[in-house]
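Structure, as structure tokens:
Quick note: the coordinates plus some simple rules give every number you see, no bench work behind them. Just so you know, these numbers come straight off a predicted model, no measurement behind them. Counting neighbours? That spans all protein chains shown, and the Cβs are built from the backbone with ideal geometry, glycine included.
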Amino acid sequence: MHGKAAAPRLRHRAWVFGVLALAGVAAAYASERNFPFDQELLLDTAPMRGSKRIPGLEVQSNGWATIDLWCASGRGRVRIDGQAISIVPHSIEPAACPPERQRRDADMLSVLSQVTTWRREGDAVVLIGPQTLRYRPSSH
């Protein structure tokens, strides 16, 4: 009788363990799918020659964003709906910098304005439009 009584408890424990394991996998999957709000993201690229600056993006959960370009910086609005995303730069403050960086800033703003979808690839955030941009969390 002792062996028969233990079997249902073991099955119950196995079932509970299975449910908890699935919940952990679901939570990991959800965090993999969620946009990393309130986290500084840096463009996965090398700095331009003569500079240490790399473009960055930090999206707050309220939809406001800080946008750092090759030279200029400013704010914008970001709307995320599932995997759809739109980025609308608002107040980008021009900065005194060489013409090449100004041109790259204009190009970057154009690309950001045309982004339509996003996805996670590990810790990276990939923004997809006419051009694909990969951002990684800042290490500082």
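Over all other residues within a Cβ to Cβ distance under 14 Å of Gln60, the charged ones net out to 0, with Lys and Arg as +1 and Asp and Glu as -1.
FRET efficiency for the pair Arg120 and Arg79, taken as 1/(1 + (r/R0)^6) with r the Cβ-Cβ distance and R0 = 25 Å, rounds to 0.90. Each of the peptides 75-81, 63-69 was scored by the mean count of other Cβ atoms within 10 Å over its residues; in descending order, highest first, they stand as 63-69, 75-81. Each Lys and Arg contributes +1 and each Asp and Glu -1, all at the Cβ; summed about the Cα centre of the stretch 36-137, the dipole is approximately 200 debye.
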